[in-house]
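The structure appears below as structure tokens.
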Amino acid sequence: MRALVMYYSEAVEMTRVAKAIAAGIQKNGHTVDIKRIAPEVNPSSIIPYQIICVGAPVISFWGGKLSSGVSDFLSKCTHLTGKKMGAFTITRWFGQERGLRNLMGIMEKQGGYVIDFVGVKGASRMDLSRAEAFGLRMGKVKV
């Protein structure tokens, strides 16, 4: 099975979290690609994947706001219907739960089926362990 871990951020912490999630999925024997959401990434590039994990930093202090880049990209993804999906966010302050709900809402609006989620504060050893555990759970999903 093919899995994709996508994230919207240039921060090193987000890259490390995405790699930890991918490592967890790979431990279940799956092929995993990691992509940073950027203007040059074609939304149809998600078609071959059975499992898709999407991550973004929470950018507001209280409100759980996500960057418009992730919501803009996902709104162009017309091939999410029925895809098994996971959501992950990083936040330094508050708004983690609201940020996750916002991200999952965008994914579900596009037809994705969100089956799991995780929120972390950064890329500490504990955060990366939680991210890898999330990847392990996503890798056990039956498609």
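The values are calculated or read from the model by the stated rules, or taken from the named source; none is laboratory data. Not measured: the values here are computed from a predicted model. When we count neighbours, we look across all protein chains shown, and the Cβ atoms used for this are built from the backbone with ideal geometry, even at glycine.
Tabulated data for the structure shown
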| quantity | calculated |
| --- | --- |
| Matching residues in the range 1-16 - criterion: being touching a strand residue (DSSP E or B) at 6+ places or on another chain (Cβ under 7 Å) and of a type in the set (Val, Ile, Thr) | VAL5 |
| Answer from ILE34, ILE52 - the residue that is over 13 Å from PHE134 (Cβ atoms), in contact (Cβ under 8 Å) with a residue 60 or more places away in the chain, among the aliphatic types (A, V, I, L, M) and assigned to a strand (DSSP E or B) | ILE52 |
| Restricting the range 105-116 to residues that are surrounded by 19 or more Cβ atoms within 10 Å (Cβ to Cβ) and under 17 Å from SER67 (Cα atoms), the residue that is nearest to the chain's Cα centre (by Cα) | MET107 |
| Residue ID - surrounded by the fewest Cβ atoms within 10 Å (Cβ to Cβ), chosen from residues in the range 117-143 that are under 22 Å from GLY95 (Cβ atoms) and among the aliphatic types (A, V, I, L, M) | MET126 |
| Given (1) within 13 Å of the chain's Cα centre (by Cα); (2) surrounded by fewer than 18 Cβ atoms within 10 Å (Cβ to Cβ); (3) farther than 15 Å from GLU132 by Cα, number of the condition THR15 does not satisfy | (3) |
| Options LEU74, LEU80, LEU66; residue that is touching a residue at least 12 places away in the same chain (Cβ under 8 Å), of a type outside the set (Ser, Thr, Tyr) and in contact with a Ser or Thr (Cβ under 8 Å, 6 or more places away or on another chain) | LEU66 |
| Test: residue in the range 60-72 that is surrounded by 21 or more Cβ atoms within 10 Å (Cβ to Cβ), among the aliphatic types (A, V, I, L, M) and more than 16 Å from VAL5 (Cα to Cα) | yes |
| Residue match in the range 82-93 (condition: small (Gly, Ala, Ser), under 23 Å from ILE25 (Cα atoms), within 15 Å of the chain's Cα centre (by Cα) and part of a strand (DSSP E or B)) | yes |
| Residue, modelled with the lowest pLDDT, within the range 1-28, restricted to residues that are part of a loop (DSSP other than H, G, I, E, B) and closer than 17 Å to MET85 by Cβ | MET1 |
| Any hit, the range 87-99, residues being farther than 24 Å from SER60 by Cβ and surrounded by 14 or more Cβ atoms within 10 Å (Cβ to Cβ) | no |
| Members of the range 38-70 found to be in contact with a helix residue (DSSP H, G or I) (Cβ under 6 Å, 6 or more places away or on another chain), within 15 Å of GLN110 (Cβ to Cβ) and modelled with pLDDT under 95, listed by number | PRO43, ALA56, LEU66 |
| Hits in the range 37-48 - residues which are surrounded by 16 or more Cβ atoms within 10 Å (Cβ to Cβ) and in a helix (DSSP H, G or I) | PRO43, ILE46 |
